[in-house]
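Right, one structure below, let's go through it.
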Amino acid sequence: MTPETTNVPADHDQHPDTTLATHGAAGAAAATLATATGSGGASADWFSNVPQDWAGWTRWRDGVCANRHTRDAFTNWLASHVDEAKEPLKAGLGRYAAGQIARSLPLLQQEAARSPLARLLSGYACMQTGKRDAALAAWRGVSAGDLGAQARAAIVDALCHGGDIPALEAAVDAVRKAGDGAAHMAFAEGSLAEARGEHRAALEHWQRAVEADKKHAEATFRLAELLALYGDDEQALTLYDRFRDGQLPPHVGALVNLGILHMDGENHAWASTCFRLVQAADPENARARRYLAYAEAAAEQYYDEGRERSADKQSAVLRIPVTDFELSVRARNCLQRMSIHTLGDLVARTESELLSFKNFGETSLQEVKDILMMKGLRLGMMPSAEPSRSFPSMALGSTPGDGDVMEILISELDLSVRSRAALAMLGITKVGELTQTTETTLLSCKNFGQTSLDEIKSKLRNLGLELAH
């Protein structure tokens with residue numbers, strides 16, 4: 001059964017930053033808090049009752065984040081009324097609720113010994129900023145009440161894709177023994193099924209978890225992720241959007257995935273909003289910076305590619321200056337000294353050539369590979385000066401000759417961002433290389449699901465080709 005959800009706003013002509021979301025009781029709480037601020041701008045104490053348990057935290061956070069205006073008002077009030085040095089607990093809880101995850105972390109850690117809620121949230125903040133071991137350590141120190149139930153679910157989630165099945169089984173068993181409720185139980189069972197490769201069973205368990213508790217963040221994220229892999233992008237968008245509109249706490253992975261789905265649908269303004277929220281949560285998130293730069297560039301340069309010939313599109317991409325992308329100072333200076341000014345210049349170089357240049361290291365290399373991946377390119381491609389202007393017409397089963405259809409560049413196939421990224425990760429740059437790849441290999445690539453597979457198979461069918469068996 002498909003879980004009941006709140007739909008993503010359909011009017012993509014409206015800028016997403018202006019869309020407000022008020023949800024039932026959360027809207028009522030927000031109205032109360034907004035009234036407390038007073039029409040003249042003077043603010044009452046939004047921390048008149050500091051939350052202590054998970055239920056209290058959820059009610060309080062729903063009020064703070066019921067809509068964009070309320071969240072902005074609270075963020076401004078927090079900056080002017082709460083001294084981080086004197087009131088680290090209030091500051092940490094407030095920063096986390098406002099989506100400033102990285103900034104909240106040291107404050108929450110400072111209060112972790114005195115506040116189980118702060119300890120739990122510090123674990124979430126660690127996980128959101130890539131500190132998995134620290135997150136597990138924090139959660140293992142929380143065991144009582146509804147905070148303990150949340151901590152056990154978080155541990156299960158962290159172990160789900162870690163490859164340590166015995167540790168995950170022990171964590172799931174802890175949830176069972178504690179009797180943590182229907183949503184947590186269903187989520188734990190789904191996580192164990194997913195780790196064992198039983199994806200359909202995981203999907204069913206996670207659907208039940210979300211039906212039992214629509215605010216179960218871990219289940220919502222994992223369900224959306226799996227639905228996207230199965231090709232149900234519309235339902236995945238609906239679930240991911242709960243993290244964007246304030247129904248659920250900020251979640252870096254959910255917002256990145258939501259942004260990618262919007263890029264796939266050419267909704268670049270919405271994608272940009274998602275990546276900005278990630279940057280607000282974790283300013284050091286390099287992946288979000290690169291995606292944001294791509295989304296903004298795509299929004300500015302959008303045109304009807306269906307009316308352009310493939311050679312013109314490829315040429316336009318290769319002419320994009322590397323300065324259009326957000327690169328570190330070191331990477332940008334090195335490329336300038338190497339006379340690399342455009343993506344065309346860049347794909348003509350190999351990894352070894354770049355790494356041989358003074359001060360150009362692995363970090364800089366990963367930066368340029370990431371921007372090329374987003375454009376369906378890779379280092380060392382050496383594109384020909386005269387790319388093919390049309391796809392040869394071939395009967396199914398015919399054998400292409402040298403230099404024809406098998407030499408078509410992947411970047412000429414008009415694939416979605418997700419499909420291009422997956423093929424780039426696999427090092428597939430030409431149609432001939434793609435026909436030597438199996439479905440299993442493609443589906444093993446992260447974020448590559450049935451929709452992407454169907455898209456690639458359709459493109460190959462149009463060329464009279466198919467994937468390897």
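The values are calculated or read from the model by the stated rules, or taken from the named source; none is laboratory data. Remember, predicted model here, so these are calculated numbers, not experimental data. Positions of Cβ are generated from backbone atoms using ideal geometry, with glycine treated the same way; all protein chains shown enter the neighbour counts.
Checked against the criterion of being within 30 Å of Leu93 (Cα to Cα) and surrounded by fewer than 23 Cβ atoms within 10 Å (Cβ to Cβ), the candidates Ala271, Ala193, Ala286 yield just one match: Ala286. How many of the residues in the stretch 417-465 are acidic (Asp, Glu) and free of Cβ contacts under 8 Å to residues at least 40 places away in the same chain? So the answer is 2. Residues in the stretch 222-243 that are in contact (Cβ under 8 Å) with a residue 40 or more places away in the chain and under 24 Å from Val64 (Cα atoms): Leu237, Thr238, Leu239, Asp241, Arg242. Of all the listed residues (Gly123, Gly145, Gly99), the sole one being on the phi > 0 side of the Ramachandran plot, crowded, with 17+ Cβ neighbours inside 10 Å and in contact (Cβ under 8 Å) with a residue 12 or more places away in the chain is Gly99.
Return a yes/no flag: does the stretch 314-325 have any residue that is at pLDDT 70 or above, under 30 Å from Lys131 (Cβ atoms) and assigned by TED's automatic domain parsing to the domain that holds Lys358.
Taking the stretch 314-325 first, the residues at pLDDT 70 or above are 316-325.
Still in the running and under 30 Å from Lys131 (Cβ atoms): 325.
After this cut, where a residue has to be assigned by TED's automatic domain parsing to the domain that holds Lys358 as well, the list is 325.
Among the residues of the stretch 314-325, at least one is at pLDDT 70 or above, under 30 Å from Lys131 (Cβ atoms) and assigned by TED's automatic domain parsing to the domain that holds Lys358, which makes the answer yes.
Within the stretch 316-338, residues that are under 17 Å from Arg378 (Cα atoms) reach partners that are surrounded by 18 or more Cβ atoms within 10 Å (Cβ to Cβ) and of a type in the set (D, E, K, R) with beta carbons closer than 6 Å, at six or more positions or on different chains, in the pairs Val317/Lys375; Leu327/Glu367; Ala331/Glu367.
Checking each residue in the stretch 125-140 for being within 14 Å of Val156 (Cβ to Cβ) and part of a helix (DSSP H, G or I) picks out Met127, Arg132, Ala135, Leu136, Trp139.
Would you say Lys375 is in contact with an Asp or Glu (Cβ under 9 Å, 6 or more places away or on another chain) and either charged (D, E, K, R) or at pLDDT 80 or above (or both)? Before the answer, list the steps.
On the way: in contact with an Asp or Glu (Cβ under 9 Å, 6 or more places away or on another chain): no; either charged (D, E, K, R) or at pLDDT 80 or above (or both): yes.
Taking the combined requirement at face value, the residue does not satisfy it.
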